[in-house]
Amino acid sequence: IGYLVRRLDENTGPSNFLRYAFHLKPGSANWVMLRQKFIESFELMEHLPDSSRRTQNRTTEAFQSTLDNWRWDQLVNEPDTDFSLPDNARWAQEIIASGLQAEPRVVTPIIAGEEDTQATHLFNSTDPSQPNQYVGTWTAAEESAIDVALKCAADDETSWRKTTAKERSAILHDVANEIRRSRRDLIEIALAEGGKIIPEADAEVSEAVDFVEFYRKSVVHIEEMQDLSARPRGMALVISPWNFPIAIPCGGVAAALAAGNTVILKPSSETVLTARRLCECFWEAGVPKKVLQFVPCRGAAGGVQLTASDKVDSIIFTGSTAAARLIQQQTPRACLLAETGGKNTTIVTTMSDREQAVKHVLHSAFGHSGQKCSATSLLILEKGVYQDEAFLELLRDAASSLTVGSAWRLETRIGPLINPPSGDLHKAIVNLESDESWLLEPRIDKNNRCLVSPGIKMGVTANSFTHQTEFFGPVLGVMLAESLEHAVTLANETGYGLTAGIETLDDREQEYWKANIFAGNLYVNRPTTGAIVLRQPFGGFGASSIGAGIKAGGPNYVTQLMKFRTSLIDVAADLKNMHNQELAEFGTTLLEARRSDIKATAKQIIIQALTSYDEYAYREYNRVHDHFHLIGQDNIRRYLPVEDLVIRVTQQDEAYEIVLRMAAAHAVGARVMLSHATAVHEELLQVLIGFTQHWKKPATQIVETDGELLERVARGEVSRVRYARPSAVKDGTRTALEAHNVVVMDAPVLVNGRIELLWNVREQSVSDDYHRYGNLGKRATEIRVEPL
């Protein structure tokens, strides 16, 4: 019906005959206009092209160095393969044929620039589609080799950290082209070792290219800022998962290298061969093997040796929340950037297009057999939909029709699990709780236990095992909600906050949901998986993130892998011309107070900082961004102020450091809560708080010990604590804060607002398919860009 309505709408447009047919008279103005259009169109027939506009051909494409004079916000995403084209379809068949005949690969660690031929612990990589079939062997780095790798990365013998951002960018541009050239090989290995069907692996290669191209440009942009001096943190450890064996390790490695760090890649033991092939793309393009080392490990010991080393400055981890918390306990000093799990929801209201909802939910829940951290795991149906037997039958029938099988078969839509079901996933497959029933019962293939058909559970209740547990497999729980408000409450009760989707055609419901759902990536009337670099920067809230939570594939990600200093610049700054008048009056009042604890140099710092904060709040943080303006789809990148932020004031803090942290929080709309022990800067704080009484949200203070602060943390009243320096955080306090997943922000307070304001916000991505089967409605006249 939707398609027919669209065709009717098009054919009744101003330039089409049907619009005039019922009242058309020979000789009238409309008659003359239509007659002329017919003649013109007839004359143009000779020039009408008869070849396809789609010219992509993976068998013949060449990758030349292209113009490199674009900015990070002008990124053009790498197109996925169009398998509807005959040449590309044959290319896919060739991948299958080649992979089935391929000789097993042999992979060894690369330690300090050399093959580690001394490693003796040999492991097999198996094919999940054919569990008895080995696709290769690999050796694990031993304890002594890991020590050598750590020393090599720390010493930086090649002086990678001293290279400029532009020098590194040029090398990474070549890396991106090498990945483009290696698309076929990477797909074949990911299929064989990771069980990824070709379209899933193909999209990963595109994402990997995007990561490399985008991060190199992001760092160049940062290093061009006048008042900012950037340097790499030092050595980065990238710990990558098996479910995205190409894109995720590539993203971590590319970001760390672009920022100037030396890197050790420790891949998942399930997909070592794929990670090694990815590293070869970096090495062949010019990244030294001493700069990017490949250190596969088996078992906990090797991983702990890496994460517990005091030589590691940053850890980029993607995996389970439990594993991330364990790493956080092990690492003594490294900055942990962890993208973790999710119990993701899609809400379907009575105002939805129900056929479209089924299509999107199945894609979100069962793509890659549900082995995505972004996969929909809970389907929350408003009562009218939950009781709609036709909807449930459509959902059941569509899910049961998905082809489950070997990744080597092109018709397969649900490939194998990486391993046979175990733990929580096995429990979810074989057990029902008291109120649950199967709408569609999953089946484990007797000949290959990695093959599991989709399962859909009805009757999931609040706080049940299915409601609260991440399964990481093809099991979808269905919950009943009395209203949209109830549905949002159920969705927010999981403790996670990675992705969330809603299916509704009601703008009011969409706005309510966007304002109240707790998740980092929001999707309206579209699937919840498949985030694209810069288009939908990726990362979550709550238990779905450990660390600052800055989004991968966004313009801020590389900042976590750098250290910054700001300097005073000889530029006249005027508080009178600021956009935020409350902030301007705060600064003016403070500077006119002539306090002895605000020194002349500090006054200059405050003036430059407040003007910088105000400018970046206006240009970046207090507005929404859509860098693509695609036809039919909004992709909004926005910032949310952190309302439960605490500014912890200690005796060693300078007066200007207190002022700047207050100003940064206020500039982005965050609540200013000052926390300090008795007799710590009490007089100054009273004065500063007095200067904020004209704000809509005046600053407040709490006099409390570290222990009392931790009690508030335990009650869930605090999510971030901003200190002025690392030494201000006692070891025991830091450990206790991190145990409650509170973000400890202790980087030096910066004058530059582009970096300093980051600590006071959460990033959120909102992707909204606003078209209806191609019909753009009232937005048809907008100037938009066609997607690739």
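The values are calculated or read from the model by the stated rules, or taken from the named source; none is laboratory data. Note that the structure is predicted; figures quoted are calculated from it, not measured. Cβ coordinates were reconstructed from backbone atoms using ideal geometry, including for glycine residues, and neighbour counts include every protein chain displayed.
So, in the range 631-654, of the ones that are surrounded by fewer than 19 Cβ atoms within 10 Å (Cβ to Cβ) and among the aliphatic types (A, V, I, L, M), which residue ends up farthest from Gly753 (Cα to Cα)? The selected residue is Ile631. Identification of strands (runs of 3 or more DSSP E) wholly contained in the range 633-729 with 2 or more residues that are closer than 19 Å to Asn580 by Cβ, under 33 Å from the mean Cα position of the chain (by Cα) and of a type in the set (A, V, I, L, M) yields 645-649. Considering the range 45-60, the residues that are at pLDDT below 90 and of a type outside the set (S, T, N, Q) include one that is surrounded by the most Cβ atoms within 10 Å (Cβ to Cβ), namely Arg54. Inspect all residues belonging to the range 368-381 and state whether any of them is farther than 30 Å from Asp202 by Cβ, buried (at least 23 other Cβ atoms within 10 Å of the Cβ), in contact with a helix residue (DSSP H, G or I) (Cβ under 7 Å, 6 or more places away or on another chain) and assigned by TED's automatic domain parsing to the domain that holds Ser483. Yes - at least one qualifying residue is present in the range 368-381. Listed by position, the strands (runs of 3 or more DSSP E) enclosed by the range 325-439 that each have at least 2 residues that are more than 30 Å from Ser125 (Cα to Cα), touching a residue at least 12 places away in the same chain (Cβ under 8 Å) and under 27 Å from the mean Cα position of the chain (by Cα) are 344-348, 376-382. A single member of Ala285, Ala308 is farther than 30 Å from Lys730 by Cβ and in the same structural domain as Phe244 (by TED's automatic domain parsing), and it is Ala285.
Going through (1) on the phi < 0 side of the Ramachandran plot; (2) modelled with pLDDT of 95 or more one by one, Gly423 falls short only on (1).
Counting only residues that are within 30 Å of Met662 (Cβ to Cβ) and either of a type in the set (Val, Ile, Thr) or touching a strand residue (DSSP E or B) at 6+ places or on another chain (Cβ under 7 Å) (or both), the range 624-643 holds 9 of them.
Kindly indicate whether Asp769 is surrounded by fewer than 19 Cβ atoms within 10 Å (Cβ to Cβ), in contact with a Pro (Cβ under 9 Å, 6 or more places away or on another chain) and of a type in the set (D, E, K, R). For Asp769, the condition - surrounded by fewer than 19 Cβ atoms within 10 Å (Cβ to Cβ), in contact with a Pro (Cβ under 9 Å, 6 or more places away or on another chain) and of a type in the set (D, E, K, R) - is not met.
In the list Ala192, Ala154, which residue meets the criterion of being aliphatic (A, V, I, L, M), surrounded by 22 or more Cβ atoms within 10 Å (Cβ to Cβ) and touching a residue at least 40 places away in the same chain (Cβ under 8 Å)? Selected residue: Ala192, the only one of Ala192, Ala154 that is aliphatic (A, V, I, L, M), surrounded by 22 or more Cβ atoms within 10 Å (Cβ to Cβ) and touching a residue at least 40 places away in the same chain (Cβ under 8 Å). Checking every residue in the range 686-708 against the condition of being acidic (Asp, Glu), modelled with pLDDT of 95 or more and touching a Lys or Arg at 6+ places or on another chain (Cβ under 7 Å) gives at least one match. If you go through the range 509-526 and keep only what is farther than 19 Å from Val642 by Cα and touching a residue at least 40 places away in the same chain (Cβ under 8 Å), you end up with Glu509, Gln510, Tyr523, Val524, Asn525, Arg526.
Number of residues in the range 322-353 that are at pLDDT 90 or above, surrounded by fewer than 20 Cβ atoms within 10 Å (Cβ to Cβ) and of a type in the set (D, E, K, R) equals 2.
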